[in-house]
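First comes the structure, then the notes that go with it.
The values are calculated or read from the model by the stated rules, or taken from the named source; none is laboratory data. This is a predicted model, so every value here is computed, not measured. Because the Cβ atoms are built from the backbone with ideal geometry, glycine has one as well, and the counts that use them run over all protein chains shown. Just the protein is used for accessible areas: all its heavy atoms, side chains included, with ligands, DNA and RNA removed. Shrake-Rupley method; radii C 1.70, N 1.55, O 1.52, S 1.80 Å.
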Amino acid sequence: MTGSTVDLFLLVGAALFALGAAGVFREVEALRRIIAVNVMGSGVFLVLVAIAARGEGPPDPVPHAMVLTGIVVAVCATAVALALADLSRRHGSSADDKADR
Amino acid sequence: MIGRVAGWALPLGVFAAVAWAVLALPSPAPSLTDEALAAIDESGVSNPVTAVLLNYRSTDTLLELGVLLLAVVSVWGLRRADHAAAGPESSPLLEGLIRGLVPLLLVTGGYLLWIGAFAPGGAFQGGALVGGAIVLLALGGLTGRWFADRQRLLRVGLSVGLAVFSAVGWVVTAWGSWFLEYPEGMAKTLILVIETAALVSIGLTLGCLFVGGGPPDDLETGDAP
């Protein structure tokens, strides 16, 4: 893939990561934070896939395998985080009290 | 006002730092493409990504199946599924969608598993489609009773991927190989066996994670905590 296309993907990945990071620190509600972490993760995956595509010849399969593994782990982490968030909402934790106010 | 500016300075700073870091990486990147392609004939598959996932770095994938199982165990430990909320919704549109899409998703999942050996695809892509089929069934309120009635089968299905993968890893040591080092000529068969078991586990795990809780002990009197 040409250098400028890869650079574009790298920059979009960095932008997604930064947007997600902003969400993690700015949002109070647990659900929004979980989504923000997922946006950060998508940025990391995009950067890894773009890095794999640099240079001549076929893309590097190792980052691709890492991204595939990462997506599955991210899904699992999200599911556990959502279950925890639901539990804390039912028990009325302080963070969500703030969000309700 | 100052708070707003400070609030946007953080993501902009993060973006600048990350963009600088990724653009400053050496190009062409140090790559394992040549190593991966050099051993592709011995790996049992011709798709390099599948070769990395299930041969060169199969321990990663084995532990990943462990993560899937752990996630289901954690979610089941945290809460029960709200079957009452997701009762049988008899909408003709949803019913038609389920009738049409679920068989198609399952067949396509199996197809993706098979072509994973030589083209983009594999157990995770196929498992995602099977998971999608279970999500559709759950939206139609059809999984609650099924899961509750077949808890043992469900548990076996959730763990079969990890179990078969570990079993294959240990069995090959009888041929004098290391853990998960496939004997010559058997790689293709063993990878297919592992991927088939993994597909079942991944699909069920994703479906169960969507349902978001353990099956109630008794649907009739099961009161969610």
Exercise. Going by a 1.4 Å probe on protein heavy atoms, which residues of the stretch B:189-218 end up with at least 20 Å² less accessible surface in the whole assembly than in their chain alone?
Worked result: B:LEU206, B:LEU209
For this session: Using per-residue counts of other Cβ atoms within 10 Å, averaged over each peptide, order B:191-203, B:169-181, B:35-47, A:44-56 from highest down.
Result: B:191-203, A:44-56, B:35-47, B:169-181
Problem set entry | Amide H contacts of B:ARG80 (H built 1.01 Å from N, under 5 Å, at least 5 apart or other chain) | B:GLY214
Exercise. What's the long-distance tail for the protein assembly as shown, i.e. % of Cα pairs beyond 31 Å?
Worked result: 43 percent
Exercise. What nm distance separates the two modelled labels at B:GLU95 and A:SER4, each placed 7 Å from Cα along Cα→Cβ?
Worked result: 5.7 nm
Exercise. Could you give me the ³J(HN,Hα) list for the stretch A:52-67, computed from phi with Karplus coefficients 6.51, -1.76, 1.60 and θ = phi - 60°, whole Hz, x at Gly and Pro?
Worked result: 5, 8, 6, x, 7, x, x, x, 5, x, 5, x, 4, 5, 5, 5
Exercise. Could you give the dipole magnitude of the protein assembly as shown about its Cα centre, charging the beta-carbon of Lys and Arg +1 and that of Asp and Glu -1, in debye to the nearest 20?
Worked result: 700 debye
Exercise. With +1 on each Lys and Arg Cβ and -1 on each Asp and Glu Cβ, how big is the dipole of the stretch B:67-156 about its Cα centre, in debye rounded to the nearest 20?
Worked result: 300 debye
Seminar exercise, completed: Under 5 Å from the placed amide H of B:ARG57, counting only residues 5+ away or on other chains, we find none
Problem set entry | In Hz, Karplus ³J(HN,Hα) per residue of the stretch B:108-123 (6.51, -1.76, 1.60; θ = phi - 60°; x = Gly, Pro) | 5, x, x, 4, 4, 4, 5, 6, x, 5, 9, 8, x, x, x, 5
For this session: Please find, in a Gaussian network model of chain B (springs between Cα atoms separated by less than 10 Å), the residue of B:PRO26, B:PRO103, B:PRO183 whose mean-square fluctuation is greatest.
Result: B:PRO26
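With only alpha-carbon atoms in the gyration tensor, what are the semi-axes of the equivalent ellipsoid for the stretch B:133-205, in Å, largest first? Show your work: numbers first, answer last.
Details: eigenvalues 216, 29, 9 Å².
Calculated on Cα positions only, the semi-axes equal 33, 12, 7 Å.
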Problem set entry | Cα gyration tensor category, rounded, prolate or oblate, for the stretch B:94-225 with a/c compared to 1.5 | oblate
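At a probe radius of 1.4 Å, figure out the B/A buried accessible area, summed over both chains, and give it in Å² to the nearest 100.
Numbers: alone 13650 and 7000 Å², together 17520 Å².
Counting both chains, the buried surface is close to 3100 Å².
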Exercise. In whole Hz, what ³J(HN,Hα) sequence does the stretch A:2-9 give by Karplus (6.51, -1.76, 1.60; θ = phi - 60°), x for Gly and Pro?
Worked result: 6, x, 5, 5, 4, 4, 4, 4
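Please state the shape class of the stretch A:3-100: rounded when a/c is under 1.5, otherwise prolate if a/b exceeds b/c and oblate if not, all from the C-alpha gyration tensor.
Values: a/c = 6.91, a/b = 2.17, b/c = 3.18.
Judged from the Cα gyration tensor, the stretch A:3-100 comes out oblate (a/c at least 1.5, b/c at or above a/b).
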For this session: Return the long-range amide H neighbours of B:GLY141 (sequence gap of 5 or more, or a different chain), with a cut-off of under 5 Å between placed amide H atoms.
Result: B:GLU89
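Ratio of chain B's C-alpha Rg to 2.2 N^0.38 Å, to two decimals? Each step should come with its number before you reach the end.
Values: Rg = 22.1 Å, N = 225, 2.2 N^0.38 = 17.2 Å.
Working it through for chain B, the quotient is 1.28.
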Seminar exercise, completed: log10 I(q)/I(0) for the stretch B:12-111, Debye formula on C-alpha points only (no solvent), q = 0.16, 0.18 Å⁻¹, two decimals, reads -1.01, -1.02
